[in-house]
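The values are calculated or read from the model by the stated rules, or taken from the named source; none is laboratory data. Predicted, not measured: the structure shown is a model, and the values here were computed from it. When we count neighbours, we look across all protein chains shown, and the Cβ atoms used for this are built from the backbone with ideal geometry, even at glycine. Just so you know, the surface numbers come from the protein's heavy atoms only, side chains and all, with ligands and any DNA or RNA stripped out. Shrake-Rupley method; radii C 1.70, N 1.55, O 1.52, S 1.80 Å.
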Amino acid sequence: MNRRLDRSPWALAAAMLMATVAAGCTTTPDGPTREPSSAPPVTASPAPLAESADKYDSLRADLVAALEKQMPDITWSADDPARMSHAQDGRCVFSPQSMKSSADIVERSRNFEEVFTAADPVLKKHGFPTFDGTDPVPGGWVVTRSTDGVGATVTIESKSPAYLRITAPVASERCDTNELAGGDK
């Protein structure tokens, strides 16, 4: 018996499996073709809380409106209230009220392409770079981020449902959530 012929079906099957796995790891046919996000260097000082709260609350509202217009079957509602906290480096960080989607957005947004279409003009309007793509994150999350020159970061992450979160360094002596109008905004 020719041993070479006896092994060829296994060798062919192994080669086909390796090719399939390698193809699946490189790109997905409907996936974003953009590179993961990267934060630009911080080039500006944080603004006072009142100014920052107005700016980032406006950004959040504009992003939600754009996402709901782009994907009208998915709505966004309030999730966590606004808060302030100290970062490990001592900076005061303001987090406006976060938002949560009514459904997962990954498939409906064609792996975030619809998110990019809706959100990128809003980000530019508010002084942020456009989303560059999704970041490699463990656990099945699909995440995209954009960071401005102050170090404020907009994050949209989805794993049924999706969340819209913003964090921004602010100038505050006390860095206390009670500084926010009514405790949440």
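What the table shows:
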{"quantity": "Pick from segment 151-185, criterion within 15 Å of L59 (Cα to Cα) and open to solvent by 70 Å² or more (accessible area, probe 1.4 Å), ranking: modelled with the lowest pLDDT", "calculated": "K185"}
{"quantity": "Selection count, segment 88-105, where residues are buried (at least 21 other Cβ atoms within 10 Å of the Cβ), in contact with a Phe, Trp or Tyr (Cβ under 7 Å, 6 or more places away or on another chain) and not in a strand (DSSP E or B)", "calculated": "1"}
{"quantity": "Filter result (assigned to a helix (DSSP H, G or I) and open to solvent by less than 10 Å² (accessible area, probe 1.4 Å)) within segment 55-76", "calculated": "Y56, L59, L63, L67"}
{"quantity": "Contacts under 8 angstrom Cβ, first residue in segment 53-68 being closer than 16 Å to V93 by Cα and in contact (Cβ under 8 Å) with a residue 60 or more places away in the chain, partner surrounded by fewer than 20 Cβ atoms within 10 Å (Cβ to Cβ) and small (G, A, S), 6 or more apart", "calculated": "A53/A181; K55/A47"}
{"quantity": "Residues (of a type outside the set (G, A, S) and either at pLDDT 95 or above or open to solvent by less than 90 Å² (accessible area, probe 1.4 Å) (or both)) located in segment 25-53", "calculated": "T28, P32, R34, P36, P40, P46, P48, L49"}
{"quantity": "Enumeration of residues in segment 142-174 that are closer than 24 Å to T75 by Cβ and among the basic types (K, R)", "calculated": "R145, K159, R165"}
{"quantity": "Test: S85 is open to solvent by 20 Å² or more (accessible area, probe 1.4 Å), of a type in the set (G, A, S) and assigned to a strand (DSSP E or B)", "calculated": "yes"}
{"quantity": "Single condition T147 does not satisfy, out of (1) open to solvent by 10 Å² or more (accessible area, probe 1.4 Å); (2) over 15 Å from the mean Cα position of the chain (by Cα); (3) modelled with pLDDT of 90 or more", "calculated": "(2)"}
